[in-house]
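One structure below.
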Amino acid sequence: MWDNWKPVAVALNLDAKVGKEAKDCSVHGEYGGFKVRLCLWESKDIDEESTWHTNIKVTGGERFPTGLICAHDGPLTRFWEGDDLETGDLAFDKKVRLAGQEEEVLAVLDAECRQLIGTALKKGLYVKKGVVWWVRAGIERDVNRLVELIGLAVELAEHLCLERSALVQSLQRVIEEDPIAGVRLSSLHALLSFAERSQADVSGLLRRVALDGQAAIPLRAVAVEAAQHHLSSDDLEQVVQEVLQDPGGPELAAAALRLTRGRLSDDDLIRVRSFLRAQDREVVGAAVAAVLRLDDGGAEPFLLELFGSPVAEEAIEALGHLGDLAAVEPLLPYTKGALRSRRLKEVAREAVARIQERHGKEGSGHLSMPLGPDGGLSVPQGVALLSESEKTRPPALARRGQIQQQRHWQGVGVWLRTAGRVYLFYMAVVAMAAAYFAVFLVSTTRGDAGLAATDAGPEFSFTFEPTLVEWSPDGRFLATGAANDELAIFSPVSWEKVG
């Protein structure tokens, strides 16, 4: 055995151990700054039959990411090792199972390292417990292969070594330089999580990523949202305004709008209002919240345009905070209507009440809008919005009365609907009973008339006195039974003349 492995020790400048038995033979030492060991080990099955295995072990120890596991992905691996960590590189994640401290693992898995891992796994190497392993059943005697595997294992160990004091810098390098957008996004999430625990300064990185026009939109959106926790108010406002000038995508625009605060210039306000006409619902919703947060009364015309949109509730609620009495009239139709949702009508009524309470000061007059039968608000005829002579209850009491009336009419509506359903059911039963009675009445009538009824089912016939049968111009005939004077009408589809 020693004769076979001696060239390996010579080629790699390693020490050798020679024993009388195979298990006592090994090649070991330091290569590339790592402890390397090539040896054999024996296993026995239930029949006590021995199998020799060739084992290569390159120890990285604590220099590797904490708890790092890197192996071929498969059902057995998942079963024994549990859920894995994903880098964001779909092709890599599909074939490789990773585990370990997320930020440490992602800090070392740059594009070059991922490519090297793919090559190593194809040759049977794997990483576990701070060691790069290679195990093969049988005794490997190919010296060139052993030298190649040891060299590959050492190269992989070098790439997996982590300088923990430079963890933030390593993650920043991956975030800014990795060619895979998914890897950059995963690394940014990991860095933000680590920064939250360690209070690391990532403000410079977030600013660069948020304003990087070449970066992926999801990555920039995450950077913008995270900036509120790491940038000063002035820096954050500057970043948000620069992003809103050319957001590039709805996700980024929505993220910037959610952070829009403070006093903006007229140009900036116009830019924010323009997003109220965006096509993406998330962007429009964020813009509505932004103009509400900015107390932008000039956005009222834009909000009115949104009443028929998917964000109608948000727009109506914002108008209740920003609008004046002139906004009441367009709000009224949304306080009622069977086709509108209960939630929408409630929001509209609350918006009207809020506008009245804000602008209906003492001496300026209040607008009294009674609740209709359907719970909607309406303007009494002849009453102007700013009528000085109109005397009403205070807005809070008026709102309370509106709620009471609304509940009353809702109860009446439920009762009427229930009564209507019962009445319709009763009429249906009566109609069915009348139909069965008519058939019974005709079937009991006997005579010598030459008329018979035919049907697709079993044949049956009814006869009448000939003098009592008359045909109508539309093909139907009128028959008066001999037993009574009631008039019956029959269809020619199921009746025909006979005799």
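Any read-out appearing in this document is the output of simple, stated calculations on the displayed coordinates, not a laboratory observation. As the structure is a computational prediction, the values presented were derived from the model and not from experiment. Positions of Cβ are generated from backbone atoms using ideal geometry, with glycine treated the same way; all protein chains shown enter the neighbour counts.
One Cα centroid belongs to the range 419-437, the other to the range 178-192; the line between them spans 69 Å.
Applying 1/(1 + (r/R0)^6) with r as the Cβ-Cβ distance of T418 and S309 and R0 = 22 angstrom yields a FRET efficiency of 0.05.
Computed from phi, the 3J(HN,Hα) profile of the range 107-114 under the Karplus parametrisation 6.51, -1.76, 1.60 (θ = phi - 60°) reads 5, 9, 8, 6, 4, 5, 5, 5 Hz, with x in place of Gly and Pro. With only the Cα atoms considered, the range 271-339 has a convex hull volume of 76 Å³ per residue.
With a Förster radius of 25 Å applied to the beta-carbon distance between Q245 and D212, the computed FRET efficiency rounds to 0.95. In this structure, the amide hydrogen of Y31, modeled 1.01 Å from its nitrogen in the peptide plane, lies closer than 5 angstrom to those of V36, counting only residues at least 5 positions away or on a different chain. Going from the fewest other Cβ atoms within 10 Å to the most, the residues T260, T59 appear in the order T59, T260. Dividing the alpha-carbon radius of gyration of the range 2-162 by the rule-of-thumb value 2.2 N^0.38 Å gives 1.09.
When the C-alpha to C-alpha distance is required to be over 25 Å, the pairs from K57/K123; K17/K122; K6/K128; K6/K95; K95/K128; K6/K129 that qualify are K17/K122; K6/K128; K6/K95; K6/K129.
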